[in-house]
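The values are calculated or read from the model by the stated rules, or taken from the named source; none is laboratory data. Predicted, not measured: the structure shown is a model, and the values here were computed from it. Cβ coordinates were reconstructed from backbone atoms using ideal geometry, including for glycine residues, and neighbour counts include every protein chain displayed. Side chains included, ligands, DNA and RNA excluded: accessible areas come from the protein's heavy atoms. Shrake-Rupley method; radii C 1.70, N 1.55, O 1.52, S 1.80 Å.
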Amino acid sequence: MAKVIAIANQKGGVGKTTTAVNLAASMAATKRKVLLIDLDPQGNATMGSGVDKYSDVPTIYDLLIEELAISEVISTETSGEYHLIAANGDVTAAEVKLMELFAREVRLRNALESIQDQYEFIFIDCPPSLNMLTVNAMAAADSILVPMQCEYYALEGLTALMDTITQLAKLVNPNLQIEGILRTMYDPRNRLANDVSEQLKQHFGEKVYRTVIPRNVRLAEAPSFGAPAMYYDRASSGAKAYLALAGEMLRRKEKQSAAVA
């Protein structure tokens with residue numbers, strides 16, 4: 001069964017989409033079958049995967065609103081060796097139309113049931129706001145990966161996100177938990193970044209990934225070439241960091257499986 005991980009943070013500009021695209025590519029590089037779902041109307045994860053959001057590609061809108069079969073909306077030709085459910089501006093309309101539909105909170109979860117055994121990981125790139133699309137992601141996910149910058153406002157935003165997760169868990173998904181907290185755009189020379197990093201480790205302990213994602217020009221450039229960083233510049237510090245993150249997540253998964261067994 002696929003592990004479904006929502007990549008979410010209500011604060012924008014923290015590296016959600018960069019993490020979604022590069023983590024999906026890194027997991028796929030380890031020969032895991034991966035599906036990336038773009039839930040953001042901006043469609044940045046779609047373009048960063050080498051899929052043109054302005055083309056006739058079917059999107060998450062067609063799945064959630066038009067009720068196309070999930071097999072019809074999965075793009076298998078991406079620049080990152082993973083599969084993709086795309087998004088574009090139409091997804092903005094989905095936020096409104098979902099409000100009129102029956103079982104609106106669990107439409108994504110229900111759609112994923114038929115393909116759970118086809119993938120090892122399903123990553124969901126969430127929009128930077130709490131709307132019905134994000135609620136669908138939370139309802140469908142086993143856990144949430146939270147990318148965040150080590151700065152004061154991000155720490156405040158994390159507190160708000162934790163409150164939201166607690167409330168949503170009660171309403172739509174009692175099994176929802178934090179997968180991990182990922183420090184992004186990290187500069188070890190910055191004293192505030194180090195201070196916030198220490199606070200995170202004190203408060204969340206092992207939930208904070210040891211891997212940190214550095215500030216890296218190649219990570220910022222790669223989307224304009226429609227490719228994850230490892231296919232744009234595999235030797236870059238950003239590409240190496242996401243490969244290290246994939247390895248850390250796989251080791252955690254094995255450890256959890258061994259503990260259950």
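At a threshold of 8 angstrom on Cα-Cα distance, excluding pairs fewer than six apart, so keeping six or more, what relative contact order does the chain reach in percent?
Rounded, it is 26 percent for the chain.
For His83, His203, write out the residues from largest to smallest accessible area, computed with a 1.4 angstrom probe and no ligands counted. Display every interim value, and only then the final one.
Working: His83 40, His203 140 Å².
I get His203, His83, largest accessible area first.
Dipole of the chain (Lys/Arg Cβ +1, Asp/Glu Cβ -1, origin at the Cα centre): which of Val172, Ala45, Thr159 lies farthest to the positive side?
Positive-end residue among those listed: Thr159.
Gain in length, Ile178 to Glu248, computed as 0.36 nm per residue apart minus the alpha-carbon separation, to one decimal in nm? Write out the running numbers ahead of the final one.
Values: separation 70, 0.36 × 70 = 25.20 nm, distance 1.54 nm.
Here the segment from Ile178 to Glu248 would lengthen by 23.7 nm.
log₁₀ I(q)/I(0) of region 109-261 at q = 0.09, 0.19, 0.21 Å⁻¹, via Debye over equal Cα point scatterers, no solvent, to two decimals?
With no solvent term, the Cα-only Debye profile gives -0.34, -1.44, -1.52.
What are the aspartates and glutamates whose alpha-carbon lies under 19 Å from the alpha-carbon of Lys253, with same-chain residues fewer than 8 places away excluded?
In chain and number order, the partners are Asp117, Glu120, Asp142, Glu179, Glu206.
Mind checking which lysines have their C-alpha under 21 Å from Lys11, skipping anything on the same chain fewer than 8 residues away?
Lys11 reaches Lys201, Lys207.
Which lysines have a Cα lying under 22 Å from the Cα of Lys53, excluding residues fewer than 8 positions away in the same chain?
Filter leaves Lys16, Lys97.
Please turn the phi angles of region 65-74 into ³J(HN,Hα) values with the Karplus equation 6.51 cos²θ - 1.76 cosθ + 1.60 (θ = phi - 60°), one per residue in order, whole Hz, x for glycine and proline.
Each residue of region 65-74 in turn: 9, 7, 6, 5, 5, 4, 5, 7, 10, 8 Hz.
At 1.4 Å probe radius, can you tell me the per residue accessible area of the chain in Å²?
Per residue, the chain has 46 Å² of solvent-accessible surface.
Taking only C-alpha pairs under 8 Å that are 6+ residues apart, what is the relative contact order of region 55-131 in percent?
Normalised by residue count, the contact order of region 55-131 is 28 percent.
Multiply the residue separation of Ser143 and Thr30 by 0.36 nm, subtract the distance between their alpha-carbon atoms, and state the gained length in nm to one decimal.
Value of the extension gain: 38.6 nm.
Does anything in region 1-36 have its amide N under 20 Å from the 7 Å Cα→Cβ label point of Leu155, and if so which residues?
Within reach of a label on Leu155, which here means backbone N under 20 Å from a point 7 Å along Cα→Cβ, region 1-36 contributes 9-15.
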